[in-house]
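The values are calculated or read from the model by the stated rules, or taken from the named source; none is laboratory data. For clarity, every value in this text was computed on a predicted model and none was experimentally measured. Cβ placement follows ideal geometry from the backbone for every residue including glycine, while neighbour counts extend to all protein chains displayed. Accessible surface is based on the protein model in full, side chains and every heavy atom, while ligands, DNA and RNA are left aside. Shrake-Rupley method; radii C 1.70, N 1.55, O 1.52, S 1.80 Å.
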Amino acid sequence: MSTTPHPTERLLQTVTGPLPARSVPGPALAHEHLVLDLDRKGDGAAVLDAQRHGPAVTRELTALREEFGLGLVIELTCRGMGRDPDTLARIARESGVAVVAATGWYYEPFHPAADLDGAGVEQLTDTLVQEIDAGLDGTGIRPGVLGEVGSHGETPTEPESRSLRAAARAALATGLSVATHAQLGHGGLAQLDLLTAEGLPPERLCIGHQDLLAEPAVHRRLAEAGAYVAFDTVGKESYQSDEVRLRLLLALLEAGHADRVLLSCDISRHGYLLTEGGQGYGHLFRSFLPAVRSAGVDDDLIDLMTRRNPLRFLTGAGPEEF
């Protein structure tokens, strides 16, 4: 099948080049990490190393493509998180799964001082736009999303506000969308207010980690505003049980907001890989979605949440597309 785009075709910017969104054959993982380094304790736990763990990551994605038709991973490792665009491209080619890479800044404890100290919003915006236009870390590999742009607490700190505002402005300048990190689910409404105040349309925004926040009213407010609501730490039982996640998700679906849901597992350390006894990237498909189906959710809504919504989020497409 030809992937030559129609002049009006919605395109995804992947690590191996532009890809027509309609050519993505199956579901997406909307918030993952394939390579990263968040090690602040020196124990090497919060690491996915290209050499040591990359082959296992590739095998998992390949198996998910073969078993469940996995077509896309939105990889949200950004500046200061151990980003490695070349390895992402290699994993994408070897697994046959498209990968969208990211730019932006995580929450304040992980802000690179060289980037943020003394830099105003305009300068930070210029940095992001340059990466979007020219590629990441000198590789020429262009990001297709801004994220996971972070804050912690109920309101962003001053540096976090600058980085969030810069992400919104860069999104407006380049046509990309913004995915956030809301630490333990908190602060999503403040992120929404700050980002939309910069002019970012809410449908180009995904608020992260909302499955860690047991407040259905907040989820409804985000969805009613038009933002995507990420239930993206599925399987991380030490933070929240999947039983609670399912209850929160069903409440959002019953309120009529299936078109605002994004789902993923947020694999962010090597101990989560199948080879090390973890739940793996496939926990969403092998465990959580069967429970969702058993609760009465039909396959069309599953497809909406796992395929159409991620494509619409990335491209800004309307509800009639995909």
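Can we say Asp117 is without any contact (Cβ under 8 Å) to a residue 12 or more places away in the chain and in contact with a helix residue (DSSP H, G or I) (Cβ under 9 Å, 6 or more places away or on another chain)? Judged against the criteria, Asp117 is a match. Taking residues in segment 66-92 that are on the phi < 0 side of the Ramachandran plot, and partners anywhere that are open to solvent by less than 10 Å² (accessible area, probe 1.4 Å) and among the acidic types (Asp, Glu), the pairs with Cβ atoms closer than 7 Å and at least 6 places apart or on different chains are Val73/Glu32; Ile74/Glu32; Glu75/Glu32; Leu76/Glu148; Cys78/Glu148; Leu88/Glu75.
Considering every residue within segment 283-292, establish whether at least one is in a loop (DSSP other than H, G, I, E, B) and among the small types (Gly, Ala, Ser). Please lay out each step first, then the result.
Just the residues of segment 283-292 that are in a loop (DSSP other than H, G, I, E, B), to begin with: none.
Checked against the condition, which is being in a loop (DSSP other than H, G, I, E, B) and among the small types (Gly, Ala, Ser), segment 283-292 yields no hits at all.
Suppose the filter is closer than 27 Å to Ser264 by Cα, surrounded by fewer than 17 Cβ atoms within 10 Å (Cβ to Cβ) and not hydroxyl-bearing (Ser, Thr, Tyr); does Gly187 pass it?
no
For Glu108, the conditions (1) buried (at least 24 other Cβ atoms within 10 Å of the Cβ); (2) farther than 22 Å from Gln13 by Cβ are fulfilled apart from (1).
Among residues of segment 38-59 that are over 21 Å from Arg79 (Cβ atoms) and among the charged types (D, E, K, R), none has a Cβ under 6 angstrom from a residue that is buried (at least 16 other Cβ atoms within 10 Å of the Cβ) and at pLDDT 95 or above at a sequence gap of 6+ or on a separate chain.
The rows are residues; the columns are (1) open to solvent by less than 20 Å² (accessible area, probe 1.4 Å); (2) part of a loop (DSSP other than H, G, I, E, B); (3) within 24 Å of Val178 (Cα to Cα).
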{"site": "Leu19", "(1), (2), (3)": "no, no, yes"}
{"site": "Asp39", "(1), (2), (3)": "no, yes, no"}
{"site": "Glu60", "(1), (2), (3)": "yes, no, no"}
{"site": "Ala63", "(1), (2), (3)": "no, no, no"}
{"site": "Glu66", "(1), (2), (3)": "no, no, no"}
{"site": "Asp86", "(1), (2), (3)": "no, no, yes"}
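Scanning segment 191-205 for residues that are hydrophobic (A, V, I, L, M, F, W, C) and open to solvent by 10 Å² or more (accessible area, probe 1.4 Å) turns up Leu192, Leu194, Ala197.
Put simply, of Gly256, Gly280, Gly318, Gly296 the only residue that is touching a Cys at 6+ places or on another chain (Cβ under 9 Å), outside any helix (DSSP H, G or I) and small (Gly, Ala, Ser) is Gly280.
Closer than 20 Å to His209 by Cα and either open to solvent by 10 Å² or more (accessible area, probe 1.4 Å) or among the polar types (S, T, N, Q) (or both): does that describe Leu76? Criteria not met by Leu76. Among the residues of segment 225-253, those that are under 18 Å from Leu205 (Cβ atoms) and assigned to a loop (DSSP other than H, G, I, E, B) comprise Gly226, Ala227, Asp232.
Condition check ((1) open to solvent by less than 30 Å² (accessible area, probe 1.4 Å); (2) not acidic (Asp, Glu)) across all residues:
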{"position": "Glu224", "(1), (2)": "no, no"}
{"position": "Val229", "(1), (2)": "yes, yes"}
{"position": "Asp232", "(1), (2)": "yes, no"}
{"position": "Ser238", "(1), (2)": "no, yes"}
{"position": "Asp242", "(1), (2)": "yes, no"}
{"position": "Leu250", "(1), (2)": "no, yes"}
{"position": "Glu254", "(1), (2)": "no, no"}
{"position": "Ala258", "(1), (2)": "yes, yes"}
{"position": "Val261", "(1), (2)": "yes, yes"}
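Scan segment 275-300 for residues that are buried (at least 17 other Cβ atoms within 10 Å of the Cβ) and touching a residue at least 40 places away in the same chain (Cβ under 8 Å) and jot them down. If the condition is that a residue be buried (at least 17 other Cβ atoms within 10 Å of the Cβ) and touching a residue at least 40 places away in the same chain (Cβ under 8 Å), then Gln279, Gly280, Tyr281, Gly282, His283, Leu284, Phe285, Phe288, Val292, Val297 are the ones that fit.
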